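Undergrad: Let me begin by handing over the structure; questions about it come next.
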Amino acid sequence: MIKQKTYETIINNLPIGFTTVDENGVTIDFNQAAELITGFSKEEVIGSPHNEVFHPTPGEEPCPLFKHAILRKEPATAKEKTFIKKTGEIITLLVSVAPLYDSDGNFIGGVEIFRDVTEIKRFERERQHILAMFAHDMKNSITTSIGFASRILSGKLENQNECLKIILDELRTVETLITDFLEFSRFEAKEYKPEIQEIDLCNLIKKQIEPISIKARAKNISVLFENDKDQGWTITTDEKMIKRALSNILDNALKYNKPSGKIIIRLKDSGEGVLIEVEDTGIGIPESKQVYIFDAFYRISRDNKGSGLGLSIAKKIIETLGGRIWVKSVFGEGSIFSFFLPRHYSVKSP
C-alpha cells in the first residue's frame, strides 16, 4: 500500500505527462500533467485504446508509443509528435517511450512521457524566419521603388504617373510590414493594455463586414452573416482590438478564397461567452501546416504578399482579451477560423 501511494505521489507530481498502456495498447494510467496537456481526464482514457482516443485519424504519423514501445519493443527518446487536444487545439509534443516488462521478463505494455513544446517550437521557427523574411520582403519593395524612381529621373518614361503609382503601392507594402511588425512587438512585450468598454458585438461585426464585402464583390465572393439570436450581443472588451483581430481573419478568408466562393461569419452563444466563426470556401490548409498557421511571419505560400503576421496578431489579441482561437480546415475545400470571447473581460493576475 505504501509503495502504491509513493508511486501515485511521484507520478501525479511530475511536471510532464505520463501514461502507461498494457500489451494491447489499452491505457492503464494517466497522470495529472497528462490531463492538463491533452485536455482529457483520467476517467475518459483509462480502459480505452490509446490510439482511439489520441490518434484517431487514419494515415497520420504513427504514434511513438505504438511504433516503438509496443510493436518494436524498443525505447525511443525525444520524438516530436503533432497532437490534437480535446478542445481541437493542435500542439506539438516531445515524447519519450519505452516497453515495460515484469520481473520475469514478460512484455506487459509500454510507458510514455511527454511535454508540450508548442511555444518553444514556435519561438524557434520565428527566430529562424523573422529577420530573413522581413528583410527579403522589404528589400523587394524598396528595390522595385528605386528602379522605377531611377527610370523617372532619367526622363525617358512617357507614363510617369503609372510608375509613381507602382512606387506608392510598394511603399505602402513596406508601411504595412513595419506597422504589423511594431504592433506584433507590442503584444510580444505585453505592452498593449486593453481599453475595456461595453460594445454591441453584432453591430461591430456588421461594420467589419462592409469593407470586406466591397473587396469580395470584385472576386465574385459572397459574404454572409448568421446571428444565433435576434437581440444584440453586449460584451465588455476592447473594441479596437476586436476590430483588428476580426479584420485580419476576414482578410485571410478573402485572400485564400476561390472565385465565386463564400465567406460566412457566424455569431453564436457559448455559455460564459460568445463564439465567432469565419468560414471560407478557399484553398484550405494542409494538415501538416495547420500547427504553424498562427505563427508569426508564417505564410502557406511564399507567393502571397503580406507580413505573415495577420493571424498571429489576431491570436495574441484574442488571448489578451481572455479568449482563444483555433482552426479546422480541409485542404482544397476551405477553413473555419473560430474564436471564443468571454462576455466580461477580467484582468489576469501577473
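Just so it is clear, none of the values below were taken in a lab; they were calculated from the coordinates. Treat the numbers as computed from the prediction; the structure is a model and nothing was measured. Methodologically, a virtual Cβ is constructed for each residue, glycine included, from the backbone with ideal geometry; neighbour enumeration extends over all protein chains shown.
Undergrad: Which residues' amide hydrogens lie under 5 Å from the amide hydrogen of Val26, considering only partners 5 or more residues apart or on another chain, with H built in the peptide plane?
TA: Result for Val26 returns His50.
Undergrad: Can you tell me the FRET efficiency between Leu14 and Thr234 if r is taken as the Cβ-Cβ distance and R0 is 35 Å, rounded to the nearest 0.05?
TA: 0.20
Undergrad: If I stretch the segment between Lys139 and Leu36 completely, what's the gain in nm (0.36 nm per residue apart, minus their alpha carbon distance), one decimal?
TA: 32.7 nm
Undergrad: Once fully extended, how much extra length lies between Asp200 and Glu89, figured as 0.36 nm per residue of separation less the alpha-carbon to alpha-carbon distance?
TA: 37.2 nm
Undergrad: Could you give the C-alpha radius of gyration of the stretch 197-342 expressed as a fraction of 2.2 N^0.38 Å, taking N as the number of residues it contains?
TA: Against the empirical 2.2 N^0.38 Å value, I get 0.99 for the stretch 197-342.
Undergrad: Related question: What number comes out for the charge environment of Val45, summing +1 per Lys or Arg and -1 per Asp or Glu over other residues with Cβ under 11 Å away?
TA: Charge balance near Val45 sits at -3.
Undergrad: Here's something else I'd like to know. Return the aspartates and glutamates within reach of Lys121: Cα separation strictly under 14 angstrom, same-chain partners fewer than 8 residues apart disregarded; answer none if there are no such residues.
TA: Those aspartates and glutamates meeting the cut-off are Glu80, Asp295.
Undergrad: Regarding the stretch 2-116, what is the average projected area of its C-alpha convex hull, in nm²?
TA: Mean projected area for the stretch 2-116: 7.2 nm², to one decimal.
Undergrad: Enumerate the amide H contacts of Phe225 below 5 Å, restricted to partners 5 or more residues apart or on another chain; note that Pro and chain-start residues carry no placed amide H.
TA: For Phe225, the qualifying residues are Ile265.
Undergrad: In the neighborhood of Gly110, defined by Cβ-to-Cβ distances under 14 Å, what is the net charge if each Lys or Arg adds +1 and each Asp or Glu adds -1?
TA: Local charge sum for Gly110: -2.
Undergrad: A further question follows. Across the stretch 251-260, in residue order, what do the Karplus-derived ³J(HN,Hα) couplings come to in whole Hz, using 6.51 cos²θ - 1.76 cosθ + 1.60 with θ = phi - 60° and x for Gly and Pro?
TA: 4, 5, 5, 6, 4, 9, 7, 9, x, 6
Undergrad: In nm, to one decimal, how far is the Ile166 label point from the Thr77 one, both placed 7 Å along Cα→Cβ?
TA: Output for this residue pair reads 5.8 nm.
Undergrad: Moving to a separate point now. If you plug each phi of the stretch 138-143 into the Karplus form 6.51 cos²θ - 1.76 cosθ + 1.60 with θ = phi - 60°, what whole-Hz ³J(HN,Hα) values come out, in order, with x for Gly and Pro?
TA: 5, 4, 4, 5, 5, 4
Undergrad: What residues qualify as long-range amide H neighbours of Gly273, i.e. H under 5 Å apart, gap of 5 or more or another chain, H built at 1.01 Å from N?
TA: Amide H neighbours of Gly273: Arg343.
Undergrad: Considering the options Ser96, Val53, Ala69, tell which one lies farthest towards the positive end of the dipole of the stretch 2-116, charges being +1 on Lys and Arg and -1 on Asp and Glu at the Cβ, about the Cα centre.
TA: Among Ser96, Val53, Ala69, the one farthest towards the positive end of the dipole of the stretch 2-116 is Ser96.
Undergrad: On to the next question. Once the other residues with Cβ under 14 Å from the Cβ of Glu279 are scored (Lys, Arg +1; Asp, Glu -1), what is the net sum?
TA: Spelling it out: positives minus negatives among the neighbours equals +1.
Undergrad: Under 24 Å between alpha carbons, and skipping anything fewer than 8 positions from Lys215 in its own chain: which lysines qualify?
TA: Within reach: Lys165, Lys206, Lys207, Lys240, Lys243, Lys255, Lys258, Lys262, Lys305, Lys315.
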